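Here the structure comes first, spelled out in structure tokens, and everything after it is commentary.
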Amino acid sequence: MTTATTSKTPSAPPRQAAKRPATGTDRTAGRRRSSTIIVTAILVVAALYFLIPVYWVFVASTKSTADLFSTNGFWFAPTFALTENLSKVLSYDDGIFGRWFLNSAIYAGVGALLATYFAAAGGYALAKYQFRGRNLVFGTILGGVLVPGTATALPLFLLFSQMGLANTYWSVLLPSLVSPFGLFLCRIYAEATVDTALIEAARIDGAGELRIFHTIGLKVLTPALVTVFLFQLVGIWNNYFLPLVMLSDSELYPITLGLNNWLSQVDRLPEFYELTTGGVLLSIIPLSIAMVVLQRYWRGGLTEGAVK
């Protein structure tokens, strides 16, 4: 009886399990320690460059006039007089600072809001509508970026004087409604983000052009609009030369012109140092709040569409 022998085929070596990446997100890829240190150092220097003046203003506003010149400018005096100084600022001359603050809020708030809307409408139209002379119009408006505001202040004053608008709210508000840079930014952003197919779909559904702009265009342009709004808000709030040329009534002054009026009197009345430093501290609060509140729209706009 013969027995059949079966040959056993050697089994293949077991495959090694493929290494899977860790579940956590690797944030170190493509980074070098040296480059991280350099970038961090640059950011720290930039932050100090912008924050040190704010810190100095806060410290100075806590001092009396004598302490302001007899103590270290970057450290507090033995007497903390912040409350007293701010109280003097708000009560001096029947609360004229409150009137200046309200004027600046009107000039900057209304001017920045309307300028942003007009820039969005113009940029959207130049980006999404085809018409003869479009590039010529855009180039003409873009040329306004190269013209400094100080060069147009005197011609505007002569024009508004003939129209009877000099020394009124309109003389400061109307020039603030134009933002050539804002229109340029909105056109570039609209060309890159507003999908023409989406506009055509809205037209097929029966939506009018104004409704498409307000429901689609403005929503997509939000990051650009926030940028334009902040630029206009800061520019109008800090504007000094245009109100100086246009206004002669102190009741119409913005904060910048009013604080400079106080500063010009420190030679004969040293207590105006306290009023000026306290007023400067109060004047930067609205801009800081606007930056903190609106910066989240930048983050949302930059990451929109990055991950699907």
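Just need the relative contact order of segment 70-180 here, percent rounded to a whole number, with Cα pairs under 8 Å and 6+ apart. Walk me through the intermediate numbers first.
Numbers: 41 pairs, mean separation 41.0, N = 111.
This gives 37 percent for segment 70-180.
Taken one residue at a time, the phi angles of segment 137-149 give Karplus couplings (6.51, -1.76, 1.60, θ = phi - 60°) of 4, 5, x, 5, 5, 5, x, x, 5, 7, 9, x, x Hz. Gly and Pro are set to x.
Relative to the longest principal axis of the Cα atoms of the chain, the long axis of helix 285-303 lies at roughly 20 degrees. Ligands, DNA and RNA aside, residue 71 has an accessible area near 40 Å² when probed at 1.4 Å.
Could you pull the accessible area for residue 216 with a 1.4 Å probe, rounded to 10 Å²? Ignoring ligands and nucleic acids, residue 216 comes out at about 30 Å². Legend: residues 146, 126, 218, 102, sorted from most to least accessible area (1.4 Å probe; ligands, DNA and RNA excluded), read 146, 102, 218, 126.
If you average the sequence gap of Cα pairs under 8 Å that are 6 or more apart and divide by the length of segment 191-308, what percent do you get for the contact order? Can you show the working numbers first?
Working: 51 pairs, mean separation 31.2, N = 118.
So the answer I get is 26 percent.
Projected label points at residue 263 and residue 106, each 7 Å from Cα along the beta carbon direction, are separated by 2.5 nanometres.
Figure note: 128, 63, 219 ranked by solvent-accessible area, largest first, 1.4 Å probe, ligands and nucleic acids not counted: 219, 128, 63.
Ordered by 1.4 Å accessible area with all protein chains kept, 168, 40, 116 run largest first as 40, 168, 116.
Per the Kirkwood treatment, what hydrodynamic radius in Å, one decimal, follows for the chain from the mean inverse distance over all distinct Cα pairs?
Values: mean 1/r = 0.0409 Å⁻¹.
So the Kirkwood estimate lands at 24.4 Å.
Within the same chain, aspartates and glutamates fewer than 8 places from residue 128 are excluded, and of the rest, those with a Cα less than 13 Å from its Cα are 191, 195, 200, 209.
Note: relative contact order over the chain, using C-alpha pairs below 8 Å and six or more positions apart, is 25 percent.
For residue 293 and residue 49, a Förster radius of 22 Å and the Cβ-Cβ distance give a FRET efficiency of 0.40, rounded to the nearest 0.05. Per-residue surface analysis assigns residue 253 an accessible area of about 40 Å², computed on protein heavy atoms at 1.4 Å probe radius.
Using a 1.4 Å probe over the heavy atoms of the protein chains, calculate the carbon and sulfur portion of the accessible area of segment 182-243 as a whole percent.
Details: 2020 of 3070 Å².
Carbon and sulfur together cover 66 percent of it.
The values are calculated or read from the model by the stated rules, or taken from the named source; none is laboratory data. For clarity, every value in this text was computed on a predicted model and none was experimentally measured. Quick reminder, even Gly has a Cβ in these numbers, built from the backbone with ideal geometry, and neighbours come from all protein chains shown. Note: accessible area is taken over every heavy atom of the protein model, side chains too, but ligands, DNA and RNA are not part of it. Shrake-Rupley method; radii C 1.70, N 1.55, O 1.52, S 1.80 Å.
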